[in-house]
Structures are given as C-alpha cells and as structure tokens.
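Where a number appears in this text, it was derived from the coordinates with a stated rule and is not lab data. Only a predicted model underlies this, so the values are computations on that prediction, with no experimental measurement involved. A quick note on method: Cβ atoms are made from the backbone with ideal geometry, for glycine too, and the neighbour counts reach across all protein chains shown.
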Amino acid sequence: MIFSYLFGGIARALGTKQYLYFWAGNGISTIGRWTHRVAVGWLTWQLTESEAWLGVVAFADLFPTVVIPIFAGVLSDRMGFVRIMRYAVFCAGLAAAMFSVLVGAGLINIYLIVALSALVGTLEAFSGPARISIVQILVPRQDLSAAIALNTATFNAARLIGPAIAGVLLVWTNMTTALAFNAASYMVFFAVLLILEETPGRTAMAERRHMAVEIWEGVRFIIFHPGVRVIMIMIAATALLIRPVIELLPGFAVEVFRQGPDGLAMLLSSMGFGAMLSGLWLARRGETQGLTRLVVWSFLATAIALLLFTVTKIFWIGVASIFSVGLFLLIGGIASQSLVQNMVAPELRARVMSLYMVTSFGMPSVGALLMGGIASVAGLQITIAVGAVMAAALWIWLARIAMGHAAELEKTD
C-alpha cells in the first residue's frame, strides 16, 4: 500500500510481469546504445575534428528512422511485436560487435564509422515501432500513460548512465571496450525477448492488403485527426530545431566549453538526468488529463532553455541549461506520445506509432545534418540559437490550436 502510494503509476505498471521483463531488458539495451553513441561521437571527433562529420555520422545513425519504421510498423502489425524485435535486436548485437572488432584491429576510418552507424541505426529503426507499440498491450489502458512515461524515464536514465559508462570506459580502458559493451547489452535484451510471450499479429486473421494501402491508413489517421495533427507538428518542430543539439554536443564540449570526453559525458548525463526526472514525475503522475497543456508549455520552455545554453561559454551554466533542456524536452515528448497512443485504434497502432517514431526520432537526423553543415560555417552557438528562436516563434501559432483539442486528446472512455 505504501509502495503504491509513493510510486503511483510506476507501481501499477511494474506490477504487470510481462511489462516488467520488457522494461528491464529494453532498459539495459538502451544503456548500451547510449554508451555506443557517445563513444562513436568521440571517435568521430578524434578522427576528423569536424562539426560537419559529427552531423554526417548522426545522420547515418538516425536517418534510417525516417524510412524504416514506416515499413516496420506494417510488418509489426502483421507478424507480432516480439518476433520483430527478436530478429532486429539479435542482428543489431552482431553489427555492434563488428564495430568493436574493427576498432580493436585498427581498421576503422570515418567512412566505416558512417556505414556501421547506418547499419546499427537501420536495425534499431526496424524494432522501433514494436518497442513503442507493445506497451499498450502489456499494461491496462488506465496504466498506459504511466508505462509510457516509465519507459521514457528509463530511456533517459540510460542517457545519464550510458554516457557515464562511456566516459569511464574511454578514460580507463579504450574505445573497443566501450563499443563491445553495447554488443553485450543487445544480447541481454535478446535473451529477455526469448522468454517474453509473443503478441499476436493484429492482421494475422484478416485479408492483407498492399503495404502502401496499410501505410496510408496510418498517414490518413494523423492528417484527418486535428488534435493528433497539431501534436505531430510540434514534435516535428522539436525534432528539426531543438533535438539536433544532442548530436552536436561533442563540438560544444570542445569548441565552446574547452572540455574533453569527461566534459562531454557530463553534458550528456546532465541532459539525461533532467529527462529522467521528468519521466519519473510523469510516470508517478500516471494521468492523461492535463497532458496537452504540458506538451504546449514544455515546448516553449525547451526553446528558452536551449537559447540560454547557446549564449554562454561558462561550463557549469551550460550544464544547468542542458539539464533544463532535457527536463522540458522529455515532458513534451512523453506527454505527446501518450496522447497519440491514447487516440489511435488498436489495429492501426504500430503504423501510426511508426510515423510518430519517424517524426520524433528520424527527423533529428535531418536536423543534425543541416545544422552540422551550417555550424561548420556560421558557428555552433549561433546555429543552435537560431533554431531555438524559430521554435519559440512557432509556439505562438501552435499553442492555441493544441489547447483547443485538449478535451478530445485526453479522453479516456
């Protein structure tokens, strides 16, 4: 009773055994993935000392999320979420192991980094719609908001833990060990997936239509649902104008704050800590009511915090500012995902969430590529600052529209 009172929705979600297994395995894998990203970012900077190459590597890692989930969502609805994840996670583990071996053998170069980042990113993107969509099957609907928030809090705890592990491994061991850690984490998740009960394919008993028709059904839902449409526009604006700062943090660490890998790890960990706190708060809150307001105001707060980050060269102010970016960015991200999942019909779930994933996780690759290229000419601080100002200007247009659809988005009956 006391545990349930203190932890609210977290206790209810983790009380479902299948969700508990999934949450633990996915969390371990995500820690490994963030360790990998920090290590690869630092390796890229060591080889090139170029903001443009940082953007290219980030683009290679994230761009598959723009394309692959669209098709993976259809396949997940057809085949079942667990089966899709098993295939993708096992292959991602092999790809990460290959990355580690090439670095250890001294055979790595920037072109192989780009190619392997694209491969790992493709496999991650293939499992993405299933990872997001399975939550609604594993927990009762009344616990959906809490489970989504807990998943996202765990993702951002991983953003805190992963860079910290990467910093320790890079300082005390070597790059090979940091990359091998990711390969091992994938295999742990694969072992968990082997004991997780399979979810039936949603279209397994129905006549299957052309894949393009099934994809269009998901697109049509977003276009013609005004509340979901405005939420997706805000997610896209965040992805293009705010989110790319994460991929460009190695450049900020070195050029703006004059720090090494420990400074980069501190920036990333601070951002992850802020995001983890927001996720835990929303998970304990465990309610759909009021989420639209959180999406709207966190969007503005994120833009303001990011602007503050770009105008300082004092490291500790930068750490505090990026903490705030992580805090508000994830409040909006969790709340928006909860609202979209709350609205979508079960038979469309993976397809609609694949489009959410494309927007939320894929578009930052485009933003990172563009901002990395612009920053190599105009400078990091002014490039990211302009993005923050543009986001704040968009908020003026979008805020009232979103609040006008709050009652419909938050309906739970």
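Structure summary
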quantity: Candidates THR65, THR288, THR302, ranked by Gaussian network fluctuation over the chain, Cα under 10 Å, top entry; calculated: THR288
quantity: Debye, to nearest 20: dipole size of the chain, +1 on Lys, Arg Cβ, -1 on Asp, Glu Cβ; calculated: 480
quantity: Prolate/oblate/rounded label for the stretch 1-160 (Cα gyration tensor, a/c 1.5); calculated: prolate
quantity: Rotationally averaged projected area of the stretch 132-197 (alpha carbon convex hull; nm²); calculated: 5.2
quantity: Loop sites in the stretch 251-351: trypsin sites (Lys or Arg not before Pro), DSSP, at most 14 other Cβ within 10 Å; calculated: ARG258, LYS313
quantity: For the chain, the longest site-free run once GluC sites (Glu not before Pro) in DSSP loop states with at most 14 other Cβ atoms within 10 Å are removed; calculated: 208-413
quantity: Gain in span if fully extended, ILE314 to VAL386, counting 0.36 nm per residue against the direct Cα distance; calculated: 23.9 nm
quantity: Simple label model, 7 Å out from Cα along Cβ direction - ILE223 to GLN18, nm; calculated: 3.4
quantity: Size-normalised alpha-carbon gyration radius of the stretch 301-413, reference 2.2 N^0.38 Å; calculated: 1.26
quantity: Approximate shape of the stretch 203-324 as ellipsoid semi-axes (Cα gyration tensor, √5λ), whole Å, largest first; calculated: 36, 18, 15
quantity: Options LEU248, VAL352, GLN136, ranked by Cα towards positive dipole end of the chain, top entry (Cβ charges); calculated: GLN136
quantity: Between the stretch 253-283 and the stretch 289-321, the Cα center-to-center distance that results, in Å; calculated: 13
quantity: Volume per residue of the C-alpha convex hull in the chain, rounded to whole Å³; calculated: 130
quantity: J(HN,Hα) series, the stretch 328-338, from Karplus relation 6.51 cos²θ - 1.76 cosθ + 1.60, nearest Hz, glycine and proline x; calculated: 6, 4, 7, 4, x, x, 5, 5, 5, 5, 4
quantity: Table column - 3J(HN,Hα) (Hz), the stretch 122-128, Karplus curve with 6.51, -1.76, 1.60, x for Gly and Pro; calculated: 5, 5, 4, 5, 5, 8, x
quantity: Between the stretch 29-44 and the stretch 173-194, the alpha-carbon center distance in angstrom; calculated: 11
quantity: In order through the stretch 82-88: 3J(HN,Hα) via Karplus (6.51 cos²θ - 1.76 cosθ + 1.60), integer Hz, x for Gly, Pro; calculated: 5, 4, 4, 5, 4, 4, 5
quantity: Distance between modelled label sites at VAL366 and GLN46, nm, 7 Å Cα→Cβ extension; calculated: 3.4
